[in-house]
Each structure stands twice: as structure tokens, then as C-alpha cells.
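These notes concern the structure reproduced below.
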Amino acid sequence: MSAGGVPPRRLRPETLAVHLGLESDAATGALSPPIHLSTTFERDADGGYGRGWVYSRSANPTRDALEGALALLHGADACASFSSGSAAASAVFRSLPLGSHVIVPDDMYHGLRELLRGALEPAGLALSAADLSSEAALRAALRPETRLIWVETPSNPLLRITDVAAVVQVAREHGEHLGQRVAVAVDATWTPPGWSDPFALGADLVVHASTKYLAGHSDVLAGAVLGTEADDLFERVRFLQRHEGAVPSPFECWLTMRGLRTLPYRLRAHAHNAAVVAAFLVGHDAVGAVHYPGLPEHPGHEIASRQMAEAGGMLSFRVRGGEAAAFAMLARLRLVRRATSLGGVESLIEHRASVESGASTTPRDLVRMSVGIEHPLDIVEDLAQAFAGAEEAS
Ligand SMILES: *Cc1c(COP(=O)(O)O)cnc(C)c1O
């Protein structure tokens, strides 16, 4: 970044986010970065590629700008962006040596669980699911072939908290014992930079569905893997990215960068609103357990307070009247939208078990919510009227 010659790391996150990738275009002076659609780039007269770009599957200037911005936000050395969060995750799993064993959380993003069970396990990846919020359960799942521990915290949809530093410690010990590397990858989709820093806790790779908070407006499908360029695991991820081309289009890269400009301020609003909604739900007669790590009674609250700057924008809760009562409440919402996904500016809510596949173990009375950046009282009032209407009708 060229902003007035100020070293980028010295800038505070809000400033960094606004100015990321904003070197003005040398040819035109345009302030908003150009979208380079070209798939191919001209050689110099001597046959070389002095400007660095050859073919857009390998590298594209708009994608490079996004990857530079994401790396800077994470304080990471390198970023490989993908056409979805799932493609990013898949590249990590497929970068492992043949015969590798991977430990994943037993409560995890259902799309990744399906990808692992449906395609990667049949292709030879050995898989164990364990409750990573329990160190004993993690240790029991270790094998001599374990090469990767995949962490998702808070977990989806039960908001369990995993102590990332503790997992890293177990991975290092097991690796030393085996004389083999046991890597830790953190799916930080629910905790973008500003809320968490998995690298500071020792993670080797950080993975995102940029689809969610990073892009932030429910209009981009994209993913990213962050790491260190010289690390052989990251190098293999980069190799797959460049040779398979599961990459975001230049327009999606641009939209994601546009989203990043407001990330720190959006995160603040998401977390503030989620805390207000959680407090409302805890006090409501129709609601059973509320899963939000910002609540002092949450079993992972203490660890969350240590490893997260804020408790995030996601929560889930059980409806006392069961599945039917949950659907009756959801049907009466006027502002909060019934849809899957998360991390966009608008509040989204869903009956989670019915969007997950048959293998889902999610309780039938559980509702998951992505709290948006609307005025928190409008969100709470909408929930209140929906609960009241459902109760009257029953
Ligand atoms: C959405 C999501 C993904 C997958 O991202 P896509 O862009 O939908 O492929 C992975 N992990 C978590 C935690 C998610 O919420």
C-alpha cells in the first residue's frame, strides 16, 4: 500500500480497511481499483513478462489486489483466494499427503462435512469427528497418520468454543512424538480479523468463506486460504488454486474488496446487536437455551473472552414449544429474513436442522440467527412480535 508512505502495519484496522488496495491506477488516476477482466497479458518485445501477469487462472491483477488486502488484514504473508469457502477448504484437505488422517469438529459447517464424507473420504482421506472443545476427546482421536486438525470456533450451529492455542499445543506435541508435521487449520469464517487472530494462537492456515462477513452483503460467493508462501502445505494449496482455477472472478474480487472497507465497523455493529438480541432471548419465556459465547453462562465464555475480541454476530437458541413452535415464530417475522447463510448486513434466521442433510444431529427445536447491522431494537421488536403472534395462534 502506498498511502502517503506510512508503513501499513502502523495503521489501525479501520484505516487499513478503507485504504486496502487503493493505490490509484497509474494509467488513469482512478481511485476505485480497476476490474481487470483480461484472461491474458501481453509479453514484452523480448518475450518476457516484465509486468508479472501471464494468464488469469494463475494470477490476475484484481485477484492479486484482493489477496494482498486479505493478507494485510490478517497480518499474514500470503493468501490464495477461491471461488467459494468450500473450494478453499477442499484445497487444504487435498493438499495433504496420501493416506493422511484428519480430525474435524463433530459440530461443523454441514456443507464441509458433506464434502468430506461424500468426496474426500472416498478418495482416501481418513476422517475422525471429535468434540474439539474437549482436549481429552481431541487426544483420543489422534492417530499416527494424523496430519491436520481442522478447527471451527464458534462451531456451527451450536456455538461451541474451541481453545485454538490448546489444539495447537496438542498438534505440536503429537507432531514431535511422530517426527511428522501435524498442522492446524482454522475455519475463521465466523471470526474475521478484528474478532480473532488464529495466527497469533499458532494456527498454520486460516480459511474463510469470504461469502460471509468478509464480503458482507450476501452477494458474493468466495473463499480464501491464508498462510505463509514458503510453507509447503500452503504451497500445495497455491498450486491447486493456480492449476484448477477454482478462483473468484475479477468482479467478485472487487466486490469482496469493497466489502472489506467497512469490515471493522460492520463487525462492531454485528457484535453489539448480537449481544442485545442474546439478552432479549435469555429473558424470553418461549426460549430455552441460548447459545452465544458473549453470555457469561456460556460454557466457552472464558476461552472466547481470551481468544475473541468480541463475541461475534452469530447465535442459536432452542424454542420451548419444539419444532412446530419454532416454525410458527419464523413464519411471523417481518424484518428478519428466513434464509440460510450469514455475515451479511441484514439479519437472517433459519431452522437449522431442516437445511442440513439427513445426517444432521442438530436439535429440531434449534433456530440459528445471523444478527445484522439494523438498529438492534428493530430486530428485537420483530422477534418479540413473532413470538407473541405464534403464542396467540397456538
Ligand atoms: C459458509 C461456510 C463455509 C462454506 O463457504 P461457501 O462459500 O458457502 O462454500 C465454510 N465454513 C463455514 C463456517 C461457513 O459458514
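FYI, it's all coordinate maths here, none of it is from the lab. All figures in this text were calculated on a predicted structure; none of them were measured in a lab. Cβ sites come from the backbone with ideal geometry, for glycine too, and all protein chains shown count toward neighbours.
Alpha carbon centre of segment 82-156 versus segment 215-264: separation in Å?
20 Å
For segment 251-394, what is the convex hull volume of the alpha-carbon atoms per residue, in Å³? Display every interim value, and only then the final one.
Details: hull volume 18.6 nm³, N = 144.
About 129 Å³ per residue, rounded to a whole number.
I want to verify a result. In a Gaussian network model of the chain, Cα cutoff 10 Å, which of these has the top mean-square fluctuation: Ala269, Ala45, Ala137?
Sorting by GNM fluctuation, first place goes to Ala45.
Stretch Ala200-His375 to full length: gain in nm at 0.36 nm per residue minus the Cα-Cα span?
59.7 nm
How far is helix 250-260 tilted, in degrees, relative to the longest principal axis of the Cα atoms in the chain, given as a value from 0 to 90 rounded to the nearest 10?
60 degrees
Given labels modelled 7 Å from the Cα in the Cβ direction, how far is it in nm from Tyr265 to Val345?
1.0 nm
With just the Cα atoms of segment 183-308, tell me how far they stretch along each of the three principal axes, in Å, largest first.
55, 32, 23
Before anything else, pin down the relative contact order of segment 265-393: Cα pairs under 8 Å, at least 6 apart, normalised by residue count, whole percent.
Once normalised by length, the contact order is 28 percent.
Can you tell me which of Val371, Val247, Val170 moves the most in a GNM of the chain? Springs connect C-alpha atoms under 10 Å apart.
Result: Val170 has the largest fluctuation of those listed.
What is the pair-distance distribution P(r) of the chain, computed from all Cα-Cα distances in 20 Å bins starting at 0, with each bin given as a whole percent?
Calculated P(r), rounded to whole percents: 27, 55, 17, 1.
So in the chain, what percent of DSSP beta bridges are antiparallel if you round to the nearest 5?
The antiparallel fraction comes to roughly 55 percent.
Separation between the Asp77 and Leu178 pseudo-spin-labels, each 7 Å from Cα along Cα→Cβ, expressed in nm?
Going from the Asp77 label point to the Leu178 one covers 2.2 nm.
Specify the longest stretch of the chain that does not include any exposed loop site, a site being one of the trypsin sites (Lys or Arg not before Pro) with a non-H, G, I, E, B DSSP assignment and at most 11 other Cβ atoms within 10 Å.
52-333
Where in segment 61-157 are there GluC sites (Glu not before Pro) that are in a DSSP coil and have at most 16 other Cβ atoms within 10 angstrom of their Cβ?
Sites meeting the loop and neighbour criteria: Glu145.
Thr361 to Ala388: extension gain in nm, 0.36 nm per residue of separation minus the Cα-Cα distance?
Extra length from Thr361 to Ala388 when fully extended: 6.9 nm.
Which of the GluC sites (Glu not before Pro) found in segment 220-322 are loop residues per DSSP with 12 or fewer other Cβ atoms within 10 Å of their Cβ?
For GluC sites (Glu not before Pro) across segment 220-322 that sit outside H, G, I, E and B with at most 12 neighbouring Cβ atoms in 10 Å, the list reads Glu297.
For the chain, what's the relative contact order in percent, using C-alpha pairs closer than 8 Å and at least 6 residues apart?
It comes to 16 percent, rounded to a whole number.
Compare Ser128, Ser56, Ser357 in a GNM of the chain, Cα atoms joined below 10 Å, and give the one with the largest fluctuation.
Result for the chain, Cα springs under 10 Å: Ser357 fluctuates most.
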